[in-house]
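The values are calculated or read from the model by the stated rules, or taken from the named source; none is laboratory data. A quick note: this is a predicted structure, and the numbers were derived from the prediction, not measured. Because the Cβ atoms are built from the backbone with ideal geometry, glycine has one as well, and the counts that use them run over all protein chains shown. We work out accessible area using only protein heavy atoms, side chains counted, and drop any ligands, DNA or RNA first. Shrake-Rupley method; radii C 1.70, N 1.55, O 1.52, S 1.80 Å.
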Amino acid sequence: MPDAEPAALLELATSLARRAGALLAEASGRARTEIGTKSSSTDMVTEMDRASEALILGELARSRPGDSILAEEAGTKGGDGPIRWIVDPLDGTTNYLYGLPAYAVSIAAEGPGGPLLGVVHDASRQETFTALAGQGAWLNGVRLLRPPAPALDRCLIGTGFGYSSERRRAQARLLPTVLPSVRDIRRVGSAAIDLCWVAAGRLDGFYEAGLGPWDLAAGMVVAEEAGAWVGSVPGGAELPDMAVAAAPGLSGPLTALLEEARDRAGRP
Ligand code: IPD
Ligand code: CA
């Protein structure tokens, strides 16, 4: 399948995301009960992360041998063809570890002209978000059309935090400006799902500093194809650039708020 149509690639990505999601979901009960018997609480998650990624990468290597792959665990792999897959085999690792909902498999493909498609499968809710560049976004096959955002002070904004203390300290410094200016904040625990929830109207906007391409690639296509604005706001002292998604009408107010938050955070 060297030069498959994007729709065929989307079908492949959807089937792989659902299969990997089923593998994760099947073990999530086990993750909860076996944690006490493993050498560390993250062992089980690491094992499942790797199993999910091995399934996806194995199938991609078989059906798309010329394509290259960027995956969270394995890094860069594969051929020198024009298509690149970007894979996060388990986004929402902490939710998965604690038996909370909202963990997902995220698969995107891009060509020489940019993103082609995105699939985010939330295995905890059996929700598959799909998008084809220029053609739209869907949730379990139903078209997503993101309605406009309310005024900023009535917006529900998703965000997330990295793993290192330094990153968290810089991210926390944004909150004194952001939190009083919006309806509320949610920390869902999966950036891929946050972006899809902006598409689905469950969040009005989302931002997070320092995400990896695997966290963002598929969810960004879903959000954009549903009609949301996706972009970034440059970071500041100790703060990497922020990825941003915003419902129609919110990109100006949200990016202005994040710039203000960043500038205030940089002040002693
Ligand atoms: C994390 C999630 C989380 C975000 C973190 C990511 P992981 O990915 O997307 O919501 O706040 O920055 O690293 O570790 O669950 O794959
Ligand atoms: Ca991730």
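Among 199, 209, 104, the largest mean-square fluctuation in a Gaussian network model of the chain, built with springs joining Cα atoms closer than 10 Å, belongs to 209.
Give the shape of the stretch 152-265 as rounded, prolate or oblate, defined through the alpha-carbon gyration tensor: a ≥ b ≥ c are the square roots of its eigenvalues, a/c under 1.5 means rounded, and otherwise the shape is prolate if a/b is larger than b/c and oblate if not. The partial results should precede the final answer.
Working: a/c = 1.63, a/b = 1.23, b/c = 1.33.
Since a/c reaches 1.5 but b/c is at least a/b, the shape of the stretch 152-265 is classed as oblate.
For the pair residue 11 and residue 62 in one chain, pulling the backbone fully straight at 0.36 nm per residue adds 16.8 nm over the alpha carbon distance. Once the Cα atoms are used to define both axes, helix 251-266 deviates from the longest principal axis of the chain by about 70 degrees.
Where does helix 213-225 land angle-wise versus the long Cα axis of the chain, in degrees 0 to 90, nearest 10? Once rounded, the angle reads 80 degrees. Between residue 143 and residue 161, the simple label model (points 7 Å from Cα in the Cβ direction) yields a spacing of 4.1 nm.
For the chain, what does -39500 (n - 2.57) per DSSP helix run (n ≥ 4), summed and divided by total residues, give at 222 nm, in deg cm²/dmol to the nearest 500? Present the calculation step by step, with values, prior to reporting the outcome.
On the way: 8 runs with 107 residues, N = 268.
When only DSSP H runs of four or more count, the value is -12500 deg cm²/dmol.
The alpha carbons of the stretch 6-143 give a radius of gyration and a Dmax of 15.2, 48 Å, in that order. Residue 151 sits among other residues whose Cβ lies under 12 Å from its own Cβ, and their net charge, with Lys and Arg +1 and Asp and Glu -1, is 0. Here each label is just a point 7 Å from Cα along the line to Cβ, and for residue 153 and residue 186 those points are 2.3 nm apart. Counting 0.36 nm for each residue step from residue 46 to residue 18 and taking away their Cα separation leaves a gain of 8.2 nm. Reducing the stretch 130-156 and the stretch 86-102 to their Cα centroids gives an inter-centroid distance of 22 Å. Classification of the stretch 40-113 by its C-alpha gyration tensor yields a prolate form. The axis ratio a/c (a ≥ b ≥ c) is 1.5 or more, and a/b outweighs b/c.
For the chain, carbon and sulfur atoms together expose 52% of the accessible surface, with a 1.4 angstrom probe and every protein chain in place.
Evaluating 6.51 cos²θ - 1.76 cosθ + 1.60 at θ = phi - 60° for every residue in the stretch 66-82, the Karplus couplings come out as x, 7, 9, 9, 10, 10, 4, 7, 8, x, 8, 8, x, x, 10, x, x Hz, glycine and proline recorded as x.
Hey, what's the chain come to in accessible area per residue, 1.4 Å probe, Å²? Don't skip to the end; give the middle numbers.
Details: 11580 Å² over 268 residues.
I get 43 Å² per residue for this part.
By a 1.4 Å probe calculation restricted to protein chains, residue 138 has an accessible surface near 60 Å², given to the nearest 10.
A simple charge model with +1 on the Cβ of Lys and Arg, -1 on the Cβ of Asp and Glu and nothing else charged puts the dipole of the chain at about 680 debye relative to its Cα centre. Can you tell me what share of the DSSP beta bridges in the chain is antiparallel? A percent to the nearest 5 is fine. Here the antiparallel bridges make up roughly 80 percent for the chain.
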